[in-house]
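The values are calculated or read from the model by the stated rules, or taken from the named source; none is laboratory data. Every value quoted in this text rests on a predicted model; they were computed, and no experiment measured them. We place every Cβ from the backbone using ideal geometry, glycine too, and count neighbours over all the protein chains shown. Accessible surface is based on the protein model in full, side chains and every heavy atom, while ligands, DNA and RNA are left aside. Shrake-Rupley method; radii C 1.70, N 1.55, O 1.52, S 1.80 Å.
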Amino acid sequence: MRRVLVIGAKGMLGKDLVEILRSSSRSDQNSDREVFGWDIDDIDIQEESITVARIESLRPDTVINLAAYTDVDGCESHEEKAFAINAEGMRHVALGALRCRAKVVYLSTDYVFDGKKRGPYLEDDSPHPLSVYGRSKWKGEQYVQDLVEDALIVRTQWLYGKYGKNFVTSILRLAREKKVLSIVNDQVGSPTFTIDLSRAISVLIRRDARGVFHVANSGLCTWYTFGQEILKLSGMEEVKIVPISSEELGRPAPRPSYSVLSTEKLKRETGMTLRPWSEALREYLDGLGEREG
Ligand SMILES: NC(=O)c1ccc[n+]([C@@H]2O[C@H](COP(=O)([O-])OP(=O)(O)OC[C@H]3O[C@@H](n4cnc5c(N)ncnc54)[C@H](OP(=O)(O)O)[C@@H]3O)[C@@H](O)[C@H]2O)c1
């Protein structure tokens, strides 16, 4: 039996990914895969010896590390914690995986780029993170690349999913409370649905992909146009949105003004293109409606 271990399994992406990996194993009669999901209650990846020992005792064939300190603004004032989890934590996971010769998959971010390119970022473009979060994730990537031969790094962006607080749920909540919302209009990216990302990760693992892959829903927008689409699809167009600049919003962490990820490599090597972000958003919002209704 092949063992796949997901660390960070109770997070927004983790819950969907574990479900999708399990259901794809059930539907494939030839699959001999068992999926394990661990989170902070099972293992604190900041602890080197415990992390290495626990992974070694499970003897997985693949370890997928999603566990992270994902509060981008919080990372600015807690740099030590950001590096302890996002970088050193990844190193500890890699050391455990090495003991079992397991494949390592690490989830990284568009925030490793500075946004100055003004065109979709390719996998081998040089990272130059602007924020502590981006620097800590880039360091995590470097550990994976340096330590593990059979490594897959998936960079993604602007995630939303049914299991976590995210931009979509925040906009819906604010739209119920206020008549006017202010949303940033000078950052460009691709909103990505955790279900679509999870399916792509599942395919990449099945194909034993290695190296860096960018995975995101297709198309691009700003947070402002993303907000407009959320309100339109939710029938809340009466709520007014005012476009503002990142400077006006004044968040602690600087973000890239343009961080669209080119997914041409994914298409070339797997034939896969994720659907347009607005289509994925519609399905997500339909699902939210069903759960609430
Ligand atoms: N969200 C995005 O837009 C986005 C974009 C690009 C890349 N990513 C990457 O994608 C991955 C998944 O993101 P997500 O949004 O699903 O994150 P998430 O919801 O914050 O999930 C991360 C999970 O890891 C757990 N965790 C935190 N510290 C840990 C530790 N020391 N040991 C073990 N588990 C720990 C968290 O527990 P607690 O909740 O208790 O802390 C949480 O359950 C992350 O690696 C993130 O960097 C996310």
For segment 148-159, pairs from a residue that is in contact (Cβ under 8 Å) with a residue 24 or more places away in the chain to a residue that is among the charged types (D, E, K, R) and open to solvent by 20 Å² or more (accessible area, probe 1.4 Å), with Cβ under 6 Å and 6 or more apart or across chains, are Leu152/Arg210
Screening Tyr143, Tyr163, Tyr111 for residues that are open to solvent by 10 Å² or more (accessible area, probe 1.4 Å) and in contact with a Gly (Cβ under 6 Å, 6 or more places away or on another chain) leaves only Tyr111
Segment 1-103: strands (runs of 3 or more DSSP E) wholly inside it with 2 or more residues that are buried (at least 24 other Cβ atoms within 10 Å of the Cβ) and within 15 Å of the ligand (Cβ to nearest atom) are 2-7, 62-65
Scanning segment 273-282 residue by residue, those touching a Lys or Arg at 6+ places or on another chain (Cβ under 9 Å) and either free of Cβ contacts under 8 Å to residues at least 60 places away in the same chain or loosely packed, with under 13 Cβ neighbours inside 10 Å (or both) turn out to be Thr273
With the first residue restricted to segment 43-56 and required to be farther than 14 Å from Arg91 by Cβ, and the second required to be open to solvent by 60 Å² or more (accessible area, probe 1.4 Å) and of a type in the set (Lys, Arg), Cβ contacts under 8 Å at 6 or more apart or on different chains are Ile43/Arg54; Glu56/Arg99
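Condition check ((1) among the hydroxyl-bearing types (Ser, Thr, Tyr); (2) over 30 Å from Ile20 (Cα atoms)) across all residues:
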| residue | (1), (2) |
| --- | --- |
| Leu172 | no, no |
| Ile183 | no, yes |
| Arg207 | no, no |
| Ser234 | yes, no |
| Gly250 | no, yes |
| Ser257 | yes, yes |
Of the residues in segment 236-264, those that are basic (Lys, Arg) and under 18 Å from the mean Cα position of the chain (by Cα) number 1
